[in-house]
1. Can you tell me which residue within the range 33-57, out of those that are part of a loop (DSSP other than H, G, I, E, B) and touching a helix residue (DSSP H, G or I) at 6+ places or on another chain (Cβ under 8 Å), is surrounded by the most Cβ atoms within 10 Å (Cβ to Cβ)?
2. Does residue 15 satisfy being assigned to a helix (DSSP H, G or I), under 22 Å from residue 96 (Cβ atoms), at pLDDT 95 or above and within 13 Å of the chain's Cα centre (by Cα)?
3. Considering only residues of the range 58-71 that are touching a strand residue (DSSP E or B) at 6+ places or on another chain (Cβ under 8 Å) and not in a helix (DSSP H, G or I), which is surrounded by the most Cβ atoms within 10 Å (Cβ to Cβ)?
4. Kindly provide the set of residues from the range 40-62 that are over 17 Å from the mean Cα position of the chain (by Cα) and farther than 21 Å from residue 77 by Cα, ordered by number.
5. Being more than 22 Å from residue 2 (Cβ to Cβ), touching a helix residue (DSSP H, G or I) at 6+ places or on another chain (Cβ under 6 Å), at pLDDT 90 or above and in a helix (DSSP H, G or I): is that true of residue 91 here?
6. Since residue 4 meets every condition but one in (1) in a helix (DSSP H, G or I); (2) surrounded by 14 or more Cβ atoms within 10 Å (Cβ to Cβ), which condition does it not meet?
């Protein structure tokens, strides 16, 4: 159950993270935030990032071996990176027109999957 909950919280946190980091660009693309000052964009992103942290911190606490979870810190970090890039890729494909993934992106992703394999190898 800790594995499932950790992964679920990491996925949710990375959805919020992607929108915190890149959502303002989508708003700009839609002519919503063009007139916002930079501080407004930063505050908007921070507001979204609060929800990211509300999921990320519990995911790390639940998943960490330090607290009786199944993952080492290195495993948690590599897992988080793969989830982050997966979520990012899906959001880019679904929300940002004109952005496409190419063969080299998939090759890089395959390398990350191999990184997960190696980090979990005993």
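1. Of the residues in the range 33-57, the ones part of a loop (DSSP other than H, G, I, E, B) are 33-37.
Then drop every residue that is not touching a helix residue (DSSP H, G or I) at 6+ places or on another chain (Cβ under 8 Å), which leaves 33-34, 36.
On the way: 33: 17, 34: 9, 36: 15.
Among those that are part of a loop (DSSP other than H, G, I, E, B) and touching a helix residue (DSSP H, G or I) at 6+ places or on another chain (Cβ under 8 Å), it is 33.
2. Details: assigned to a helix (DSSP H, G or I): yes; under 22 Å from residue 96 (Cβ atoms): yes; at pLDDT 95 or above: yes; within 13 Å of the chain's Cα centre (by Cα): yes.
So residue 15 fits the description; yes.
3. In this case the residue turns out to be 71.
4. 40, 41, 42, 43, 44
5. Details: more than 22 Å from residue 2 (Cβ to Cβ): yes; touching a helix residue (DSSP H, G or I) at 6+ places or on another chain (Cβ under 6 Å): yes; at pLDDT 90 or above: yes; in a helix (DSSP H, G or I): yes.
Answer is yes for this residue.
6. (2)
The values are calculated or read from the model by the stated rules, or taken from the named source; none is laboratory data. Since we're looking at a predicted model, the values are computed, not measured. No Cβ is skipped: glycine too gets one built from the backbone with ideal geometry, and neighbour counts run over all protein chains shown.
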